[in-house]
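Structure first, then comments.
The values are calculated or read from the model by the stated rules, or taken from the named source; none is laboratory data. No experiment lies behind these values; they were computed from the predicted model shown. When we count neighbours, we look across all protein chains shown, and the Cβ atoms used for this are built from the backbone with ideal geometry, even at glycine. Heads up: the accessible areas ignore ligands, DNA and RNA and are worked out on the full protein's heavy atoms, side chains in. Shrake-Rupley method; radii C 1.70, N 1.55, O 1.52, S 1.80 Å.
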Amino acid sequence: MSRPIRTLYLFCTLLICPLGSFAQEVSLDSLKTLLPEKTGKDRILLLNELATGLRESDQTEAMAFSREADSLAKIMEDFSGQSRAQENMGWIFYRKGQWQKSFDYSKSAYDLAVKANDKLQAARLMNNMGALYYEQQNYQMAIQQFKKGYELATEVNDLSTRIRSLNNVALNFVQTGQLDSAESYASRSIQLNVNAGTPYLTSFAHRVMGDVFLARGQYDSAQAIYERSLKMSRTQGIKSFEAGVLHRLGNAYLLDGKFDQAEDLLTYSIKLCEENGFLDELSKSHRYLAKVYENKGDIQKAFIHQSQFLVLNDSLVNKSNRDRLALLQGMFEENLEESELELLKAQNENQSYRLKTSRKYAIFFAVTAIVISVLGIRLFVMNKNVRSINADLLAQQKKIEEQNQALELQSNQLREMNETKNKLFSILGHDLRGPVEQVKSVVDLLLAGHLEKEEFNELLGVLSKDIDSVNFTLINTLKWSMAQMEGFKLNPSHFDLRAVVDNSLKLLEASFKAKSLTVFNQMESKVEVFADQDLIEVVIRNILNNAVKFSNTGDAVTIFSERDDNWSYWCVLDQGVGMTEDQVQLLLSDSYSLTKSRPGTNKEKGSGLGLQLAKEFTRKCGGEITIDSHPGHGTKFCIKLPVAQQSVEQIQSV
């Protein structure tokens, strides 16, 4: 969960709830002593007060109070109390990072507030829903929700919720670059807070104002406002908010050329963030401190802090992408379910109406037939009409079933698309982003003249490995992407497998030398196979690369081939760490995930895409891949390929 949202929610929940004024005079322990003697709506109110007060410090106990309040309010049909309980549960799930549950409970709580005509509760929930849209980076929709919350709070004259809404709108305007609007809303918040007297809301509004001045390049004004906000946060003892202000103030000093002040402040910020686990603020503090040392000419320290920033930022970006996709998928499914329910409801109402009409006709003509026998013929005609209506209903029912099947097909297609996007995000985020950022950082230092030739030469080995890793991963990704496209065609032909292996060994020669590996190539001088040569080159290179990755320094790698009338067998035997039978079966299964690859013996990273490509491309060429491995004793990879087109046709006809 990103720190801006956590900070946003902190003031969103702690300062606008009914407990805000009550808890200043009565401690939570005092409230707990009153609980046994309370019943009915008084007990619901007290349970909700306790849950609100505890949801930041003891979420387990707060959840227990909320669930009891929700159950009791449901029995007593206390919609406001039930809405308040579900709001607390939604907040607890948000704190745990379970955004879909947070969305579900917040939406349900809003519906209950509307049902109870509780505008104040609805205003609070509008802010909660806006924060979820903020988490999607859908700032325009978030602004709409916060403005609705402000309008509702104005109607009931709740000052703290109005201030909260103004601050949230200002924060979103900063994100969209609408700085004048952000300044306007933050100023209105500060003016209103003169009457409210809430230090936290004032400090938050000042921080937003500081962001505005920093974005405009007015560094002196930004520093003054940040310093005021920092003082307020320290007075209140809110370390998470203090961390959020520290790296901003450090950046303002940096941009204004006050490097010593920036260094002292950011060094303290790193210590504070490490002690409290504030990863987002820690990442930014390392980033700005690296720039401080770069300006001071201390390249070694700049490189250390830049590396720490890249590691933290890569982890945070990947988690943010996964969480944002999960929340977006949850909201899409929510809208899809609502659309399906509305469709079914309309269809059921239409069918019910038709059935009621049919019954009325039947009863009418039955009574008429008893009274006037002459109308028997008329009754027969009407009965025929009823049968026609029933036939129409059956046809409509069939159409509904077809629509449901189409919806299910679209849902499966969407799920497959999301799985494909998740695979690409994982590969690009883990295997490409880190090495590219590292290379860029070193190149920027060299171009700026902050890196000596000797220092650059020392880093060349690391940069070369990073570039090789990026190139290898990019080739695999492009090959895999092409294989997933509709219309992908094989181009099988006869070719010499020995020549392909020799070429791959040349490309991987540096990797073998880096681990001092001895290669014994015992293949025949010519090994003819019938397959797609481009795909088999990818297979060969990935299997050889895997052997290098999991071999220990000084090991040997043996390559050999065999053949019979229909097949050629090519094998690679290493002396590396090996695998268990369960790991082998997982690699060969259709459900193998790209993100489950183990690190190599020298901590080499990977996504598992290489072995996935080897497995899929071998099968596309009519072959088969087998693995024989034992932990601590190495692994033997073998691929079986047809020697001629006739061999493939014979096997397929059996």
Which shape class applies to the range 63-141: rounded if a/c is under 1.5, otherwise prolate when a/b exceeds b/c and oblate if not, where a ≥ b ≥ c are the square roots of the Cα gyration tensor eigenvalues? oblate
Tell me the label-point distance for the pair Ser525, Asn295, using the 7 Å Cα-to-Cβ offset, in nm and rounded to one decimal. 7.0
Mark the label point 7 Å from the Cα of Glu604 along Cα→Cβ and return the residues of the range 500-515 whose backbone N is within less than 14 Å of it. 505-515
If amide H atoms are modeled at 1.01 Å from N in the peptide plane, then the residues at a separation of 5 or more from His630, or on another chain, having amide H under 5 Å from its own are Met579
Past the 24 angstrom mark, what percentage of all C-alpha to C-alpha distances in the range 198-312 do you count? 21
Quick one: order His305, His633 from most to least accessible surface, probe 1.4 Å. His633, His305
Which value, in Å² rounded to 10, gives the accessible area of Arg216 with a 1.4 Å probe and all protein chains present? 90
Tell me, what HN-Hα J-couplings in whole Hz come from the Karplus equation 6.51 cos²θ - 1.76 cosθ + 1.60 at θ = phi - 60° for each residue of the range 360-373, using x for Gly and Pro? 4, 4, 4, 5, 4, 6, 5, 5, 4, 5, 5, 6, 10, 5
What are the residues whose amide H is under 5 Å from the amide H of Lys258, where those residues sit 5 or more places off or on another chain and H is modelled from the backbone? none
Looks like the range 490-617, by Cα gyration tensor root eigenvalues a ≥ b ≥ c and the a/c under 1.5 rounded cutoff (else prolate when a/b is bigger than b/c, oblate otherwise), is oblate
In the structure shown, of Lys291/Lys515; Lys489/Lys640; Lys119/Lys231; Lys440/Lys506; Lys32/Lys119; Lys440/Lys603, the pairs separated by more than 31 angstrom at the C-alpha atoms are Lys291/Lys515; Lys119/Lys231
Tabulate in residue order the Karplus-calculated ³J(HN,Hα) for the range 246-262, using 6.51 cos²θ - 1.76 cosθ + 1.60 with θ = phi - 60°, rounded to whole Hz; enter x for Gly and Pro. 4, 5, 5, 5, x, 5, 4, 4, 4, 5, 8, x, 8, 5, 5, 5, 5
Considering amide H positions built from the backbone, and no H for Pro or chain starts, which residues 5 or more places from Val529, or on another chain, come under 5 Å of its amide H? Phe495, Leu497
Got a sec? Charge dipole of the range 198-303, +1 on Cβ for Lys and Arg, -1 for Asp and Glu; which of Tyr288, Leu214, Tyr268 is way out at the positive end? Leu214
Show me, for the range 149-164, the HN-Hα J-couplings you get by feeding each phi into the Karplus relation (A = 6.51, B = -1.76, C = 1.60, θ = phi - 60°), rounded to Hz, glycine and proline as x. x, 5, 4, 5, 5, 5, 4, 9, 6, 9, 5, 5, 5, 4, 5, 4
Per residue Cα convex hull volume for the range 134-175, in cubic angstrom? 50
Taking a temperature of 37 °C and a viscosity of 0.692 mPa s, what whole-number D in µm²/s does Stokes-Einstein yield for the range 47-97 with Rh from Kirkwood over alpha carbon pairs? 316
With 5 Å bins from 0: P(r) over the range 106-150, alpha-carbon pairs, percent: 6, 29, 30, 20, 11, 4, 0
For a Förster distance of 56 Å, can you work out the FRET efficiency between the beta-carbons of Gln136 and Lys513, rounded to the nearest 0.05? 0.70
Computed about the Cα centre, the charge dipole of the range 525-572 from +1 Lys/Arg and -1 Asp/Glu charges at the Cβ has a magnitude in debye, to the nearest 20, of 240
Once the Cβ-Cβ distance between Leu255 and Ala556 is put in as r, and R0 is 56 Å, what FRET efficiency do you end up with, to the nearest 0.05? 0.50
Kirkwood Rh (inverse of mean 1/r, distinct Cα pairs), the range 122-224, angstrom: 13.5
Taking Cα atoms only, Rg over Rh for the range 104-180 with Rh from the Kirkwood formula is 0.99
Would you please give the FRET efficiency between Ser71 and Thr235, computed as 1/(1 + (r/R0)^6) with r the Cβ-Cβ distance and R0 = 41 Å, to the nearest 0.05? 0.55
Please compute the modelled spin-label separation between Ala448 and Glu402, points set 7 Å along Cα→Cβ, answer in nm with one decimal. 6.5
Sequence of His206, His494 when ordered by accessible area, the most exposed leading, probe 1.4 angstrom: His494, His206
